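FYI, it's all coordinate maths here, none of it is from the lab. Because the structure is a prediction, the values reported are computed rather than measured. Neighbour counts are summed over all protein chains in view; Cβ atoms, including those assigned to glycine, are modelled from backbone coordinates with ideal geometry.
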Amino acid sequence: MKIAIIGAGISGLLAAYLLKKKRPDASITIFEKNTRVGGNVQTVQFNIGNSHHSSTLRWADLGVNDFNLATYKNILALLKELKVPYKPLENSAAFSTLDGSISYVIEPGYQAGSRAFTTMPVEVQKGFDNFSRQAPLDCQDPTFTEFSVAEYIQYRNENNPDHDPNFYPAAFVEYNLYPRINGMYFVNDTAPSTMSFVAIMNHYCLQEGFGGDSPERVYIEGGCQTWIDALQHALIQQGVSIVCNAAVQVLGDTSGVNILLNHSEFEHFDAAIMACHASTSLQLIQQGITSDMVQVLSQFSYNNSVAIAHTYAPLLPPNQAHWRTYNLLIHRDVQLRPYTISYVCNRHQNDANHHLYQAASEEYFVTLNPAIPIPEEYVLKQFDGTPAQTYFKHNMVNAKALKAQKLLWGRHRRGVQGQNSIYFTGGWTWGTGLHEDCYHSAQQVVNLLLVHLLEPEWNTLELSKLSA
Ligand SMILES: Cc1cc2nc3c(=O)[nH]c(=O)nc-3n(C[C@H](O)[C@H](O)[C@H](O)COP(=O)(O)OP(=O)(O)OC[C@H]3O[C@@H](n4cnc5c(N)ncnc54)[C@H](O)[C@@H]3O)c2cc1C
């Protein structure tokens, strides 16, 4: 069995790893466009501190930085299997306007109703407590499947167990819910109110632990690159080839897939797994793309974001005592920019409990899409002198995308997958694309591929005929 995987983000690496587990004899080549593997996982390193006296080697995750091991069951098992070191991060948050006129914190261990772990204004806390209890139940209820966040809030204010028209007070929505949604990486570019309620709850439940056991949020020691390196190492040991700087074109039909590499060499594979974005697949598949594929893939749209490691404090709450691991901006008087959040890295890396860093008090941050520009001199520099910043492309998870995910997988394993020997995996294919979602997607695609290769007639079936 000879399989090509296009894209070496976590989804492509996981697909290779899981396939090798089931079929150790499979020959797998991963083709990656970039010079590095990891996709949205990107760790940078730099020296922090006054170089005249001392400086300390530090790191920051610009993209993926946080796994909730209480819910990421598969990722946890894999971290253990690969012996990837992880530590609890400080699970705290601050919400503030840029001018600090509204500013409060939520401390680790916060539970609904507990004032000891928050300085939230009373109305905000009331809404937050109600939301923590009610919303995780509601997102399982088919009534709310198609609701936007604003529709959900309105519905619950009109219908709730307490008959309270202020069940979710406006202050909670404006100063907590919408700022939090604006800090999620898959937010759309219109407004948090228009986001899919189910999509944002996937993030609240899977990453933040709403509606389940207490969250166990961790960071990977040395940054998430350590995790990618461990997975890559394991794959190479198992004989998987990883080709970087690869420009590929994909030509599929029912008998397999030809990959044209760097405009020169053709290589034949039994199947290809597209582990890049939907929009990229639309460009790369030169032959064998079906109308079903086009219909599904074109439903996903993408946003570009910038992440910068820096020391520019005006992006944090003006009251330094309020700085927390995750700092959310209350967009009051500033023009709304979706996906804005700042991390205090020392807290993310749980500085207070870290013997190496207790003495190194210099604070540094990572900000996604800064609301105000960061002067160049505050941007941290990597060892080669380049700024510690990067650009990410991420799909927006809206109602359209969630529906398209269902079409992709189909019912009874009869979705778009496998037509003309081409398969799809990636964060965009499952939920909101957190790492645990990527695992499920990779696992599912490997299962499908193995079934289909034993039953080749699957490849010729059209979704339109199947769903009739
Ligand atoms: C800023 C940010 C922070 C996040 N934080 C978290 C977090 O803390 N925890 C969490 O669980 N999830 C987080 N996520 C979600 C994250 O996207 C997923 O967890 C996961 O990393 C997605 O992996 P992927 O492989 O599906 O996609 P990607 O990481 O986007 O990988 C796609 C790969 O395809 C490659 N590619 C693109 N074009 C081509 C081409 N033409 N040919 C070959 N290869 C190509 C890309 O270079 C890339 O390597 C975050 C996302 C973002 C954007």
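A few remarks follow.
- Sequence of S27, S148 once ranked by neighbouring C-beta atoms within 10 Å, starting from the fewest: S27, S148
- Only the Cβ atoms of Lys and Arg (+1) and of Asp and Glu (-1) were treated as charged; on that basis the dipole of the chain about its Cα centre amounts to roughly 680 debye.
- Close amide H pairs (under 5 Å, H built 1.01 Å from N) link E90 with N350, residues at least 5 positions away or on another chain.
- Estimated inter-spin distance, E362 and V294, nm [label 7 Å along Cα→Cβ]: 5.5 nm
- Reference-scaled alpha-carbon Rg (2.2 N^0.38 Å with N residues) for the chain: 1.00
- What the Cβ-Cβ distance of N34 and E81 gives, at R0 = 30 Å and to the nearest 0.05, is a FRET efficiency of 0.70.
- Against the main long axis of the alpha-carbon atoms of the chain, helix 225-237 sits at an angle near 20°.
- The C-alpha atoms of the range 1-93 occupy a region whose extents along the principal axes are 58, 33, 23 Å, arranged from largest to smallest.
- Sum of side-chain charges, L18 neighbourhood, beta-carbon under 14 Å (Lys, Arg +1; Asp, Glu -1): +2
- Footprinting exposure proxy for S196, S114, S305 (fewest neighbouring C-beta atoms within 10 Å first): S114, S305, S196
- Here's the picture: charge each Lys and Arg Cβ at +1 and each Asp and Glu Cβ at -1 in the chain, and of A321, V366, Q287 the one pushed furthest to the positive end of that dipole is Q287.
- Total charge dipole magnitude, the range 1-134, about the Cα centre, Cβ charges on Lys, Arg, Asp, Glu only, Debye to nearest 20: 800 debye
- Residues with amide H under 5 Å from that of C139, placed H, sequence gap 5 or more: none
- Calculated FRET efficiency for the pair H263/K22, C-beta based, R₀ 30 Å, to 0.05: 0.35
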